[in-house]
Amino acid sequence: MRFFDIIVIAVGLAMDACAVTLGCAASGQARGPRAAFRLSFHFGLFQFIMPVVGWTVGTEIARLASTWDHWIACGLLAFVGLRMIHAGLHPDLQRSPGDPSRGLKLMMLAVATSIDALAVGLSLALLRVSIWYPSAIIGVVTFAISIAGFQFGTKLGASFGKRMEIVGGAILILIGLRIVASHVWM
């Protein structure tokens, strides 16, 4: 597989992670360089791991997983997105904003944004392509694009304030719906 092909795949896979980091930063729930690094690192790591898992698992289990993977990703993104929207609409009820760059939220977002990479790994296995080089490129590209998304989201959040939390939550839900739609209508 050519380097250019791998870069195109990597950029395509990184777009969900970029949108999520942008939304998290714009909402103000994730702030500072540490949060940017945690989100970007975990998104890059999971984008590296999932193709390897997909490649390893093989095609038989893939048929079973492919009927549910998009629903799982949508559910995880919708859950986090609805919580962000609720917090944006009701800031007075919000006890703790819940940093999405930590704990269970971080893991849910990392899994949800990398499920497509699992399918890429399965595809590469069918093409009999070695997985380590493409997976490393996918992980590094996702990390870099996520950092850029976080920086842009921080600027949006500073300009538009608390409303961006609602927008960020809506972005997560739309990403989840796009994942389901792409699987249902393909």
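Coordinate-derived values only; no laboratory data. From a predicted model like this one, the values you see are computed outputs, not experimental measurements. A quick note on method: Cβ atoms are made from the backbone with ideal geometry, for glycine too, and the neighbour counts reach across all protein chains shown.
Taking label positions 7 Å along the Cα-Cβ direction at both residue 129 and residue 180, the computed distance is 3.0 nm, reported to one decimal. Segment 102-164 and segment 6-28 have Cα centres lying 5 Å from one another. Across segment 3-184, the relative contact order, built from alpha-carbon pairs under 8 Å that are at least six residues apart, equals 51 percent.
Identify which of 159, 101, 123 has the largest mean-square fluctuation in a Gaussian network model of the chain, with springs joining Cα atoms closer than 10 Å. Largest GNM mean-square fluctuation: 159. FRET efficiency for residue 2 and residue 144, Cβ-Cβ distance as r, R0 = 30 Å, nearest 0.05? Result of the calculation: an efficiency of 0.90. Rg of the Cα atoms in segment 100-186, relative to 2.2 N^0.38 Å, amounts to 1.31. For the chain, the orientation-averaged shadow of the C-alpha convex hull comes to 10.2 nm² (one quarter of the hull surface). Taking segment 12-34 and a reference point 7 angstrom along Cα→Cβ of residue 158, no backbone N atom is nearer than 11 Å. Dipole magnitude for the chain: about 420 debye, using +1 per Lys or Arg Cβ and -1 per Asp or Glu Cβ, origin at the Cα centre. In the chain, helices alone account for a calculated mean residue ellipticity at 222 nm of -29000 deg cm²/dmol, with every DSSP H run of four or more residues adding -39,500 (n - 2.57).
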